[in-house]
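J.: The following block contains the structure, expressed as structure tokens.
The values are calculated or read from the model by the stated rules, or taken from the named source; none is laboratory data. From a predicted model like this one, the values you see are computed outputs, not experimental measurements. Cβ coordinates were reconstructed from backbone atoms using ideal geometry, including for glycine residues, and neighbour counts include every protein chain displayed.
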Amino acid sequence: MEPAVHPPEHDDLAARDTPRIPAESMPQHLPAPPQALPSHPQLQDVVVQLFSHHSVVEPIRVPAVVEPLLVLVLAGRAKVEERALDGAWEAAEVEAGDFFLTHTHEPYEMRWQTIDCDAFEVMHLYLGLPLIDQAARDLLGEHCAPVSFADLSGARDERVSFILDQLRVELIEERQPSPLFVHGLAQALAVHLIRRYSAAHSGQRRHNGLQAYKLRRVLTAMNACLADDFHLAHLARIADLSEYHFSRVFKRATGLSPSQYFIRLRMSRARHLLLETDRSIIDIGLEVGYSSASHFSQVFRREVGITPSAYRQA
């Protein structure tokens, strides 16, 4: 079979996908700039930002971010409200030690009101996708599916708090922060998050989803044909279901449509090849189904947030 050039379903997806931003761009969308951090060596796969927030009455629109975001409350108390765009508000009262975990692919809105204090202090931590991929392969196997996380608001986890506090101390209080120590803490955090808060293990399993053995068959078939066109009918036959029913139960089981999941698998494979080999970007694009280098770069940037060449250099 020939490599995919522009499968129609992928093009429809590209038209309706919301672009995601890299972690470094998030402060541009928040009401206050991050606090200045002491200078430290360039860190790999870790972005840390500290904020002191006053009450925000008018909602702010928070864009979707490429990397999973952890927010730890360091000091103060606040009532934080969140909602999907035009959705209903959901509130959580938080204090020091509580954390948020966000891995949404859609923008959302937030507002907050401090309680018995002028401002509350928070720490943002973004874990790079290569670090998440490495931890997932270690825990789930070399050819595991891309990991996504449950969205949590005002949760409490002593291990998360401990690791984040150790990162804060190392980066802010040590005169010469150790990139090796920071990376080790980030690796430990990634493993813990996958074990406890990945969408597949979060208790948010969807009812009437695809049976596990059928899902394994479908995912094996997807991984075996990343260079080929996406064929919904072929995958539905493997699951012994109609295309319509297969699409519905697959999304219930994974949270993504079959075509979306297929693209995520392609990008996961491409990220691995970009980091672990010196093959050309054109060759890597061909291996994951894109005969056009520009189309590969376009899809990669949409899904990962940066171009393939920038991802390799970073």
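J.: Can you name the number of the only condition in (1) free of Cβ contacts under 8 Å to residues at least 60 places away in the same chain; (2) over 30 Å from THR220 (Cβ atoms); (3) over 13 Å from the mean Cα position of the chain (by Cα) that THR102 fails?
T.: Every listed condition holds for THR102 apart from (3).
J.: Considering the range 267-305 alone, what residues qualify as being surrounded by 15 or more Cβ atoms within 10 Å (Cβ to Cβ), of a type in the set (A, V, I, L, M) and under 22 Å from LEU131 (Cα atoms)?
T.: The answer is MET267, ALA270, LEU273, LEU274, ILE281, ILE284, VAL288, VAL299, VAL304.
J.: Tally time: how many residues in the range 1-31 are more than 21 Å from PRO177 (Cβ to Cβ), at pLDDT 75 or above and part of a helix (DSSP H, G or I)?
T.: Residues of the range 1-31 that are more than 21 Å from PRO177 (Cβ to Cβ), as a first pass: 1-22, 25-26, 28-31.
Narrowing the set further to residues that are at pLDDT 75 or above leaves 20-22, 25-26, 28-31.
Retained after the next criterion (residues that are part of a helix (DSSP H, G or I)): 25-26, 28-29.
Residues that pass the stated criteria total 4.
J.: Being within 25 Å of PRO68 (Cβ to Cβ) and of a type in the set (Val, Ile, Thr): is that true of ILE306 here? Can you show your working first?
T.: Details: within 25 Å of PRO68 (Cβ to Cβ): yes; of a type in the set (Val, Ile, Thr): yes.
Spelling it out, ILE306 is indeed within 25 Å of PRO68 (Cβ to Cβ) and of a type in the set (Val, Ile, Thr).
J.: Return the residues of the range 32-61 that are charged (D, E, K, R), at pLDDT 90 or above and surrounded by 12 or more Cβ atoms within 10 Å (Cβ to Cβ); say none if nothing qualifies.
T.: Answer for the range 32-61, where residues must be charged (D, E, K, R), at pLDDT 90 or above and surrounded by 12 or more Cβ atoms within 10 Å (Cβ to Cβ): there is none.
J.: Right, another one. Does ARG237 satisfy the condition of being part of a helix (DSSP H, G or I), of a type in the set (D, E, K, R) and buried (at least 18 other Cβ atoms within 10 Å of the Cβ)? First the steps, then the outcome.
T.: On the way: part of a helix (DSSP H, G or I): yes; of a type in the set (D, E, K, R): yes; buried (at least 18 other Cβ atoms within 10 Å of the Cβ): no.
No: the conditions fail for ARG237.
J.: What pairs can you find where one residue is in the range 142-163 and in the same structural domain as ALA186 (by TED's automatic domain parsing), the other is surrounded by 18 or more Cβ atoms within 10 Å (Cβ to Cβ) and of a type in the set (Asp, Glu), and their Cβ atoms are less than 6 Å apart, with a gap of 6+ or different chains?
T.: GLY154/ASP98; ARG156/ASP98
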